[in-house]
Amino acid sequence: MKIKKLITTIAIGVGLVAPIFNVNHTQVVEAASINSIAKQNSYVGETFLYQMLQTQNIKYNKFYAKGNKIKYRKGTPEGIVIHETATPGASAYNEAIYFNREWMNMYSYVHAFVDSKQVIQMMTPNYGVWGAGAIANNRFIQIELCRENTRNKFAKSVNNDAIYAAKLLHRYDITPVNASNTGKGTIWSHHAVSRFLGGTNHTDPDGYFQKWGYSMNDFFSLLKYYYDMQAAETSNTTVPDNNVGTSDPVVSDSNTDSDPDPVSQAPTGNKTLMHDAYTYDAQGNRTTAALKTAGTVVTVAQEKVINGKKYLQIGENEYVVASNIVGTKRILTHNAYIYDTTGIRSDNAKLLRGTSVRTYGGRINIGGKMYYPIDTNRFVKAANFK
Ligand SMILES: [Zn+2]
């Protein structure tokens with residue numbers, strides 16, 4: 001509450017201070033306005049993945065269970081790596097669901113996904129993740145910013161990113177120092193990790209920031225602004241640990257291992273169509289109802305086999321082919337890149353040959369090539385399964 005009030009007060013002040021950014025450099029002027037738009041928004045707060053999944057009856061695939069705890073080399077995190085997902089159209093919610101389901105196949109995991117509406121913390125930052133190569137992974141907390149398609153939403157999303165990151169700095173007693181240009185400091189872009197530490201070759205979030213006339217330096221100044229504000233706010237009290245979910249709640253290890261393939265059981269309740277789907281009647285004849293697009297949530301009553309094919313009942317006399325929701329596991333015979341709905345390769349993950357991947361519904365044609373959907377907005381070339 002108090003923070004909100006302060007933000008408003010300072011946001012009003014920004015208009016008066018703005019001319020100091022007015023040097024002979026277009027980009028700086030643009031960026032200043034992104035930060036000033038950002039500061040007009042209040043923080044969305046953190047959503048914890050395990051809680052979000054509980055409410056939807058989805059299994060939390062705990063990343064740091066058992067033999068998979070990545071311990072920081074100094075015991076606690078030394079800084080934060082700022083990423084960008086490079087997946088247009090995928091919200092923090094989409095990314096969180098996807099990574100929870102597939103991290104073990106993709107060899108990739110991060111601490112949080114952030115967009116204009118949500119900060120979803122995937123797991124406690126007390127342990128490392130697989131986000132930026134072997135050198136960075138046991139040093140830094142890693143946060144992914146999701147793509148937005150308007151300037152306002154972009155500003156909102158970096159605002160959430162900066163406030164969340166600033167809170168983490170306080171929690172782990174880390175001083176913000178911009179490492180993006182020098183390789184020395186606590187706030188890193190993934191690009192800076194590639195340049196100065198190695199073990200990875202990605203250049204995010206620079207390209208995406210540039211599209212909005214924004215840069216890591218601008219982001220750092222926003223982060224520093226909130227870090228200082230939070231320091232002033234809490235000078236008399238310490239930030240309570242549960243602010244950012246220090247300890248994820250007890251999720252017993254046995255929970256995560258007991259059910260090897262929960263998705264393949266007949267699903268009931270609210271489910272998301274992962275592939276565009278026609279509806280059929282109880283005899284398996286296609287109805288005249290409009291095509292339901294991938295991403296639509298339907299309520300599944302039961303599974304039913306019609307003419308030897310599995311369907312799920314979603315209405316009184318309405319069925320969809322089960323594979324559009326539960327998918328089919330296929331083994332990759334080649335390493336495979338992941339593509340978006342326009343056939344552009346997403347650079348944040350590669351699926352390795354030999355892994356089992358769940359695909360949904362039939363193959364689809366994107367730009368003349370055939371793909372299988374592996375999520376509502378991610379696709380793998382069908383040829384990789386032959
Ligand atoms: Zn990255």
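The values are calculated or read from the model by the stated rules, or taken from the named source; none is laboratory data. Not measured: the values here are computed from a predicted model. Every residue, glycine among them, receives a Cβ derived from its backbone with ideal geometry; neighbour counts consider all protein chains shown. To get the accessible areas, we keep the full protein, side chains included, count just its heavy atoms, and leave off ligands, DNA and RNA. Shrake-Rupley method; radii C 1.70, N 1.55, O 1.52, S 1.80 Å.
Here are a few things to note about the model shown:
- Amide N of region 346-386 lying under 12 Å from the label point, which is placed 7 angstrom from the Cα of HIS334 along Cα→Cβ: 353, 370, 381-386
- The label-point distance for ARG345 and TYR107, in a model that sets each label 7 Å from Cα toward Cβ, rounds to 1.6 nm.
- Straight-line cross-link partners of LYS74 among the lysines, defined as a Cα under 29 Å from its Cα and at least 8 positions apart when in the same chain: LYS62, LYS66, LYS167, LYS184, LYS224.
- ASP173 accessible area, 1.4 Å probe, all protein chains in place, Å² to nearest 10: 140
- Extension gain, ASN152 to ASP228, is 25.0 nm, computed as 0.36 nm per intervening residue step minus the present C-alpha separation.
- Efficiency of FRET between ILE58 and ARG286 - r from beta-carbon atoms, R0 22 angstrom, step 0.05: 0.15
- Between ARG363 and ALA134, the FRET efficiency from the beta-carbon distance, with R0 = 35 Å, is close to 0.45.
- Taking each residue as 0.36 nm, the span from LYS184 to GLN302 lengthens on full extension beyond its C-alpha to C-alpha distance by 36.8 nm.
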